[in-house]
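Single-structure report; data block below.
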Ligand code: SF4
C-alpha cells in the first residue's frame with residue numbers, strides 16, 4: 001500500500017520546516033510521518049531506494065538519516081519542494097509508491 005493521497009484530510013501538520021511541512025503522526029525512531037505537501041514523501045513507507053534523488057531534474061531531495069526506522073535508515077527528504085517542476089518522475093519510479101506529487105496542494 002502506497003502513500004495516502006488524502007493525507008491533507010486524514011493527517012495533521014506537526015512541524016513547519018523551512019520550505020516544507022511535516023504531517024504526523026511522528027514518533028521517532030519508528031514513525032516519521034509524511035514530509036512535504038506538493039512533493040509528499042511518506043517516510044514510513046520509504047525504503048531509501050534513492051531512485052527519486054537520481055531522476056529528479058531539479059534536486060528537490062536530500063538524504064535525511066533516520067536511524068532505527070524499520071523501513072530504512074535514510075529517507076529522501078523533499079527539502080526543496082518549491083523547486084519541483086511536476087514531471088512526476090519520482091512518483092512513477094518509486095518502488096514502494098511512497099511519493100505523491102500534486103501541484104494543487
Ligand atoms: S515531480 Fe519531478 S521535479 Fe518534482 S520532485 Fe519529483 S522528480 Fe523532482
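Only the coordinates and a few stated rules stand behind these numbers; no lab work does. Computed from a predicted structure; not experimentally measured. Here the Cβ positions follow ideal geometry from the backbone for every residue, glycine too, while neighbour counts run over all protein chains shown.
Observations on the model:
- For the peptides 43-53, 18-28, 94-104, the ranking by mean Cβ contacts within 10 Å, running from highest to lowest, is 43-53, 94-104, 18-28.
- At R0 = 22 Å, FRET efficiency that the Cβ-Cβ distance of residue 103 and residue 6 yields, to 0.05: 0.85
- Anisotropy class of the chain from Cα gyration tensor, a/c 1.5 cut: rounded
- In the chain, the calculated helix contribution to ellipticity at 222 nm averages -2500 deg cm²/dmol per residue, counting -39,500 (n - 2.57) for every DSSP H run with n ≥ 4.
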